[in-house]
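Asker: First, the structure itself, so that you have it in front of you.
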């Protein structure tokens, strides 16, 4: 079975983006050795992405080449009337069943990109197998939380911690619920 991995950075106070969705603060983090914090390895080990519509729209609006080319890209949305971009497939009805079936297909792992509402939805429905959270050495004055309002607690098991000379701390959690 394929794993769904949330690989994401946040500020010390749990913000994954500014209120307007910008992640410009990530570029301002000191990184003299140009560490990628395992991103290239993670990206090579996936063949599918899942993200919410707001996150997808943010990437499209950056006016850069689509960064997930060569991957199957799914966008969760509650609006079936959206016109698909050439790089993604929208999932509207039966999202939980669709994702469970997707995990059972042959292939590499699946990267849960974000955003906050999608992460909460996926966690509450016990669809996330692993979280690789990179705590960046910054406190943002405002922004979007890692998770939005959740109705239930989600228990995780800490598998690994790693610190970097840049001040970044990596926390790797696995779900306590077998999927």
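Asker: Out of (1) in a loop (DSSP other than H, G, I, E, B); (2) over 21 Å from residue 26 (Cβ atoms); (3) in contact (Cβ under 8 Å) with a residue 24 or more places away in the chain, what's the single condition that is false for residue 96?
Answerer: So the condition that residue 96 fails would be (1).
Asker: Has region 140-151 got any residue that is at pLDDT below 95, closer than 25 Å to residue 19 by Cα and either buried (at least 18 other Cβ atoms within 10 Å of the Cβ) or within 15 Å of the chain's Cα centre (by Cα) (or both)?
Answerer: yes
Asker: Ok, one more. Consider residue 133 against the criteria (1) touching a strand residue (DSSP E or B) at 6+ places or on another chain (Cβ under 8 Å); (2) assigned to a loop (DSSP other than H, G, I, E, B); (3) at pLDDT 95 or above: it satisfies all of them except one. Which criterion is unmet?
Answerer: The one condition residue 133 does not meet is (2).
Asker: Give me a count of the residues in region 21-62 that are over 13 Å from the mean Cα position of the chain (by Cα) and under 23 Å from residue 100 (Cβ atoms).
Answerer: Number of matching residues: 2.
Asker: Just to be sure, is residue 112 touching a helix residue (DSSP H, G or I) at 6+ places or on another chain (Cβ under 7 Å) and in a loop (DSSP other than H, G, I, E, B)?
Answerer: On the way: touching a helix residue (DSSP H, G or I) at 6+ places or on another chain (Cβ under 7 Å): yes; in a loop (DSSP other than H, G, I, E, B): no.
When the stated conditions are applied, residue 112 does not pass them.
Asker: I'm trying to understand the selection: among the residues of region 19-30, which are assigned to a loop (DSSP other than H, G, I, E, B) and either farther than 20 Å from residue 116 by Cβ or modelled with pLDDT of 95 or more (or both)?
Answerer: Across region 19-30, the qualifying residues are 28, 29, 30.
Asker: Do you know which of the residues in region 39-56 that are out of contact with any helix residue (DSSP H, G or I) (no Cβ under 8 Å at 6 or more places or on another chain) and within 23 Å of residue 121 (Cα to Cα) is surrounded by the most Cβ atoms within 10 Å (Cβ to Cβ)?
Answerer: The qualifying residue surrounded by the most Cβ atoms within 10 Å (Cβ to Cβ) is 56.
Asker: Spot the failing condition for residue 33; the list is (1) out of contact with any helix residue (DSSP H, G or I) (no Cβ under 6 Å at 6 or more places or on another chain); (2) assigned to a strand (DSSP E or B); (3) under 21 Å from residue 132 (Cβ atoms), and only one is missed.
Answerer: Here residue 33 clears every test but (2).
Asker: Considering only residues of region 36-92 that are assigned to a helix (DSSP H, G or I) and in contact with a strand residue (DSSP E or B) (Cβ under 6 Å, 6 or more places away or on another chain), which is nearest to residue 135 (Cα to Cα)?
Answerer: Per the stated criteria, the residue is 42.
Asker: Out of 91, 110, report the one residue that is surrounded by 14 or more Cβ atoms within 10 Å (Cβ to Cβ), closer than 18 Å to residue 9 by Cα and within 17 Å of the chain's Cα centre (by Cα).
Answerer: 110
Asker: Something else about it: Just to be sure I understand, how many residues within region 136-179 are touching a helix residue (DSSP H, G or I) at 6+ places or on another chain (Cβ under 9 Å), under 19 Å from residue 115 (Cα atoms) and not in a strand (DSSP E or B)?
Answerer: Of the residues in region 136-179, 10 are touching a helix residue (DSSP H, G or I) at 6+ places or on another chain (Cβ under 9 Å), under 19 Å from residue 115 (Cα atoms) and not in a strand (DSSP E or B).
Asker: Name the pairs: first residue in region 52-70 and under 22 Å from residue 95 (Cβ atoms), second residue exposed (fewer than 10 other Cβ atoms within 10 Å of the Cβ), Cβ to Cβ under 9 Å, at least 6 apart or on different chains?
Answerer: Qualifying pairs under 9 Å: 53/79.
The values are calculated or read from the model by the stated rules, or taken from the named source; none is laboratory data. Source: prediction; values computed, not measured. No Cβ is skipped: glycine too gets one built from the backbone with ideal geometry, and neighbour counts run over all protein chains shown.
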